[in-house]
Amino acid sequence: MRDLTQGPIRGHLIAMAIPITVGMLVQTLYLMVDLYFVSGLGKEAVAGVAAAGNVSLIALALTQMLAVGTVSLVAQALGAKDKARASRVFEQAMLLGLACMAATLAFGVVAGPLYMRAVAADAAIAQAGVSFILWSLPGFALQFVLAVAGSVLRGAGITRPGMMVQLSTVGLNVLLAPVLIAGWGTHHPLGIAGAGLATSLSVAAGLLMLLGYLGRLGTVVTFPRGLARPDGAILRHMLRIGMPAGGEFVIMVLLNSAIYALIADFGAAAQAGYGIAGRVMQALLMPAMAISFAVPAVAGQNFGGRQPARVRETFRQALVLELLAMALTVAACQHWAPLLVGWFTDDPRAAEAGVTILRIVSWNFFGTGVVFACSGMFQAMGNTLPALLSSTTRLVTFLVPALWLHWRGGFALVDVWHVSVASATLQALLSLALLRRQLGQRLARLRLPVVAAGEA
């Protein structure tokens, strides 16, 4: 375990964020590699795989629910030097993860085809997306157990093993993608189905490696022997923290789905350009996201250790780092957008759409950085409802004006991106206001003396 209640806050955030960034960038390469090889199958295939990626966000929403609840409770328990409670949280998180695996498989088989038919611009895009979803489902399902193992380590301030596992799995995916998608060496290309299968096999390998590491590490938690019995109190606490965080990702799915539907009339090139730009932005946002992923562990341990000054300092340092990272990201999108998009498509219309999106939507990133820092603090203090409220507000402030512009007539693609920037700015302002209130309420309690059980 790494004690985050001592030492420089900025140093802890950076030390955790670097391997998280590497791991997340490597994770993003899964879709980047698939997208690169799928691009040889045509713009319909690119648009289908990109749209299908939104379904993976539903699984990600549930893994986020598990991850946030686990990180928050494990970090608080370890900050209070209570290893036994941290171990109980781990057991219950694993139990919940297995239930989510089963639900994801069932939901994906039923809802995946329905979703693609609803948002795709034509039948070819829908067919491509369905194929990718079905072959990726085992990988999506295994992400739940992977999220639990990684979150326990992150709550303890340990991030290097997760990075090494992700490096190994993406290497496997890079090897499998051309073999399964394009048929290198086998002369039996599976096309889009191969892209999904390569991802599923790679995730399975990564899960085995990370569970093996955690099982040998006895200083953080005790590895469960067999299937634990449900503990209602811990499960309710975990869900109370994690469900709003998962709801944030559901809202992200709704937002992305709404955008796909709004731009469907502009054809496959527009949807392909949006899909490519989305993947590029996802990769560029990794350093800022990594900082926000480090915040719950650092602030959470200090919250559990009853150190309110260090909790506040964590937010100040995280906000500075987020805005610096976002400034570099915006600069990259403004200057190198054609190069970034050009790696994934030769279609001039899709490339033009992607470049336009990057140059406009990148101005979202400053507001997004503020939201990231605030969300990490909400998770650390064990109350993620304000973050969900902030995200819900963004969905409303985007959809209402976007739909009005769409129905008004004379609707253009750039209208969607301008509304997106405005809604992100409003969300950032709301998140700051909500966090200020939460800090005032929750940190005041930490200053009260602890009453022993025998004195109560």
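Things to note:
- Unique match (being crowded, with 18+ Cβ neighbours inside 10 Å, modelled with pLDDT under 90 and either closer than 29 Å to N256 by Cβ or within 30 Å of the chain's Cα centre (by Cα) (or both)) among S431, S420: S420
- Search result, residues across segment 129-138 that are small (G, A, S) and open to solvent by 10 Å² or more (accessible area, probe 1.4 Å): S131
- Selection status of P224, modelled with pLDDT of 85 or more and out of contact with any Gly (no Cβ under 9 Å at 6 or more places or on another chain): no
To keep it simple, each residue is scored yes or no on (1) open to solvent by 30 Å² or more (accessible area, probe 1.4 Å); (2) at pLDDT 90 or above.
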{"site": "I251", "(1), (2)": "no, no"}
{"site": "N256", "(1), (2)": "yes, no"}
{"site": "G278", "(1), (2)": "no, no"}
{"site": "P287", "(1), (2)": "yes, no"}
{"site": "A318", "(1), (2)": "no, yes"}
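- Restricting A309, A268, A245 to those that are among the small types (G, A, S) and in contact with a Lys or Arg (Cβ under 7 Å, 6 or more places away or on another chain) reduces the list to A268.
- Evaluation of L180 against the conditions (1) in contact with a Ser or Thr (Cβ under 6 Å, 6 or more places away or on another chain); (2) over 24 Å from G246 (Cβ atoms) shows that the sole unmet condition is (1).
- Selection count, segment 164-184, where residues are open to solvent by 40 Å² or more (accessible area, probe 1.4 Å), farther than 17 Å from G194 by Cβ and either in contact with a Gly (Cβ under 8 Å, 6 or more places away or on another chain) or at pLDDT 85 or above (or both): 3
- Scanning segment 139-163 for residues that are modelled with pLDDT under 80 and open to solvent by 40 Å² or more (accessible area, probe 1.4 Å) yields one hit, R160.
- Test result for A309, part of a helix (DSSP H, G or I), in contact with a helix residue (DSSP H, G or I) (Cβ under 9 Å, 6 or more places away or on another chain) and without any contact (Cβ under 8 Å) to a residue 12 or more places away in the chain: yes
- Out of F344, F378, one residue alone is surrounded by 23 or more Cβ atoms within 10 Å (Cβ to Cβ), aromatic (F, W, Y) and farther than 26 Å from S431 by Cα. It is F344.
- Taken as a whole, segment 323-335 holds at least one residue that is among the polar types (S, T, N, Q), closer than 24 Å to F249 by Cα, within 23 Å of the chain's Cα centre (by Cα) and open to solvent by less than 30 Å² (accessible area, probe 1.4 Å).
The values are calculated or read from the model by the stated rules, or taken from the named source; none is laboratory data. These numbers were taken from a predicted model, which means no experiment stands behind them. All Cβ positions, glycine included, derive from the backbone under ideal geometry; neighbour counts span all protein chains shown. Please note that ligands, DNA and RNA were not included when accessible areas were found on the heavy atoms of the full protein model with its side chains. Shrake-Rupley method; radii C 1.70, N 1.55, O 1.52, S 1.80 Å.
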